[in-house]
Amino acid sequence: MAESVNDSDAESRISFGDYVVLKRGDVFKSVQVENKKKVIFEKQWFFLDNAVGQLFGTRFEIGAGGSLKLKAAKHSGDSLDSKEAGQDNRHILDDGKSQKLTRDDIETLKEQGLKGQHLYSIVNVFVYFSHLRYDTLAQILTLGNIHAGSKILVFETCAGLVLGSVMERMGGFGSVIQMYPGGGPTRAGMESFGFPSHFHETLHEFPLCKVNALLAGTLDLSEKDADGNRRSESSQETSGVSEERSSEPQSMEVSVDQQEEMRRVERERLREQKAQEKKVKMEEKRKKLASAAALLEGRNADGLVIASRFHPCPVLMGLLKFIAPSRPFVVYCQYREPLIECYTKLREQGGAISLRLTDSWLRHYQVLPNRTHPVLLMSGGGGYLLSGTTVAADSAKTRNQHKSEEHVAKRLKLDEISSA
Amino acid sequence: MSFAEYSEIIQEGDVVIIFLGHESMMPIKVQSGAQTQTRYGAIRHSSDLIGQRFGSKVTCSKGGWVYVLHPTPELWTVNLPHRTQILYTTDIANITLMLELKPGSVVCESGTGSGSLSHSIIRTIAPTGHLHTVEFHAQRAEKAMQEFKEHKVSHLVTVRNQDVCKDGFGITGIADAVFLDIPSPWEAITHAKSAMKRKGGRLCSFSPCIEQVQRTCEALLDHGFEEICTLEVLLRVHDVRAINLPLPDFGPEEGSADTPNTGNTSVICRTATPPREMAGHTGYLTFATKPRD
């Protein structure tokens, strides 16, 4: 059946540079559509060029030379070849045909923030890269009350899967601040979500190593900050080079080589250009740091999501300081004991209620006439979650009041005894 | 306050959740001049609530204290007045992810029931999406409409009092996702399909019994749905506590000058024990995809 090319829902079509998900049966692969680039999927080589201009959900066949052809007729999906209850396999012939793969089902899906299709597919792809099972991810997003318009802190080392999922649920409204360890935030997985560009304006990042400075109010956001040393070094570099340059031509005058001179000029130009680009980048970085700091210093974020390989306890205790009261937080850990520590610490410190340590079991079923039964049980391997709600921390005043009341009570008792 | 948007300060007319401790909570509607009785004493709305920050500690008249929380669909699910059996957060979370709900999604749901899932959907699709929910019981439909209004989300939802199996959802060709929690979901598949966008969409059917699931899967297959899958998800809550384990006494060690029974006789361990019985079965979740027309 021909494609009803009725774009009344105004959908966009596949273009070069888009991230798409290839699907055949239950196997998925995320790839970028690039000009004349060979893609391998399910032991087949082909080019995605012919997919450009088509709508998502289109089915293709692989033709000669690895080019994609639109699939003409729709055929019924693969049927589960399982035995019906009571039957046996004595009559099955091995004619070799069931082994050969004659037709490929390649659905090309486009993931877009506003028109999200088949996130399930994307999530499945990432199951292979992350120990974060999708039902655990589902709990994180719901327990964290992730929704449009809020300000969410995320600390994750799941290659951007958690970050992307949070951003998708925010729909481009509100803001997400990604806290990151080390040099810079990793977001490879997030790119695959294919968000429209305005989503990226809601995404901020802030380095963990500056958290204490921010909390203490000593974070330096002036232009000389953040690798200020490096900047003065680079300017030294350029001046050093230009000195070199001015000295070199003199020594070169002996053997006049115009081409060589042109190349030197060109190299110098490139060096200056690079120095300038570096300057611009530094300024951008400083601005980003300042905007993230501005969002954080109010200490009124609406939620916190932690899903990393780091020990969750110090991360949680450190980042909770930025969260407003009466807001949810969710911490994922592959293992239980670190979360038990978090739970205990929070109980001692106060400031959090409704603490729950959970994990989920997921069971798949095969549902067929006379052949219905469970097929897969996933338990324990999905990791654990600690969730809770922040509350106003006990003020020092009330704590002291309590203490002094205690002292008074004791004194009275002694007095009673002495007067008796 | 809104169930779909946070605010900082409690205002008159807000619905707030009072946390009394140890999984004990209750919702109250804030009204100037009103009082709410709790086991710790009375909460005076005008002085204790209005103008206070969400998350604050409130001291009640008898001296005990409580916390005042901002409502969320999750808190609502465990505190709402039951008119029917409801869906709990574990199932709701998976439904939300697998139906790919997000801001802007248009969703159809039947039955509305007590509104547990409805509130969660509304929160997820706000501010640009819409929920079309169908409830065949007139009183429940009315109550649901009332609650959505009180919770400041009525602009995001339309409640229709009709039978989804006979009359459908009241709209066609606009839904990204359809959710069914009715006794005979196979009777609503045709309507579900026509409610969905031409470019396709996702469907979920929740049924407590496997026979219902079988009939539903058959109907889905007949109607050309794909990626049909049925699953069940169960949450295990771990009880975190400190336990005291006594240490054995093997008697004094050979050559040791220590007197017996010195040192520790027990050790405190921090651990988490799973519950003796896991949460019971709630229902089977069947998901499917309607392909492009």
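The numbers here are math on the coordinates, done by the rules we state, and not lab data. What you see is a predicted model; the values in this text were computed from it and never measured. Virtual Cβ from ideal backbone geometry, glycine too; neighbours counted across all protein chains shown.
For peptide B:114-125, the mean count of partner chain Cβ atoms within 10 Å of a residue's Cβ comes to 2. Computed from label points 7 Å out along Cα-Cβ, the spacing between B:PHE250 and B:HIS22 is 4.1 nm.
What percent do you get for the relative contact order of region B:161-293 when only Cα pairs under 8 Å and 6+ apart count? Relative contact order for region B:161-293 comes out at 32 percent. With neighbours defined as other Cβ atoms within 10 Å of a residue's Cβ, the residues A:GLU191, B:GLU277 order from fewest to most as B:GLU277, A:GLU191.
Legend: ranking of residues A:CYS209, A:CYS158 from fewest to most surrounding C-beta atoms inside 10 Å; resulting order A:CYS209, A:CYS158. Based on Cα contacts under 8 Å between residues 6+ apart, chain B shows a relative contact order of 14 percent.
Counts of other chain beta carbons within 10 angstrom of each beta carbon in peptide A:349-356 average 3.
Peptide B:90-99 shows a mean partner chain C-beta count of 6 within 10 Å per residue C-beta.
Packing-based ranking of A:381-392, B:130-141 yields A:381-392, B:130-141, ordered from highest to lowest mean Cβ neighbour count within 10 Å. Note on A:ILE40 and A:GLU201: their simple-model spin labels are 4.2 nm apart, each label 7 Å out from Cα toward Cβ.
Shown here for region B:200-293: chymotrypsin sites (Phe, Trp or Tyr not before Pro) in loop regions (DSSP other than H, G, I, E, B) with at most 12 other Cβ atoms within 10 Å, namely B:PHE250.
Working from label points 7 Å from Cα in the Cα-to-Cβ sense, the B:ALA138 to B:ALA34 distance is 2.7 nm.
Our summary gives region B:1-145 a relative contact order of 20 percent, counting only alpha carbon pairs under 8 angstrom and 6 or more residues apart. Here A:MET167, B:MET98, A:MET378, A:MET317 are placed in order of increasing Cβ neighbour count within 10 Å, fewest first, which gives A:MET317, A:MET378, B:MET98, A:MET167. Note on A:LYS285 and A:PHE310: with the Förster distance fixed at 25 Å, the Cβ-Cβ geometry gives a FRET efficiency of about 0.60. If R0 is taken as 56 Å, the Cβ-Cβ distance between A:GLU297 and B:ASP293 corresponds to a FRET efficiency of 0.60. Looking only at region B:220-251, which residues have a backbone nitrogen under 12 Å from a spot 7 Å from the Cα of B:THR265 in the C-beta direction? Of the residues in region B:220-251, B:246-249 have backbone N under 12 Å from the label point off B:THR265.
In region B:152-293, a dipole from Cβ-located charges (positive for Lys and Arg, negative for Asp and Glu) runs towards its positive end, and of B:SER266, B:SER207, B:GLY255 it is B:SER207 whose Cα lies farthest in that direction.
The Rg/Rh ratio for region B:1-111, using Cα coordinates for both the radius of gyration and the Kirkwood hydrodynamic radius, is 1.04.
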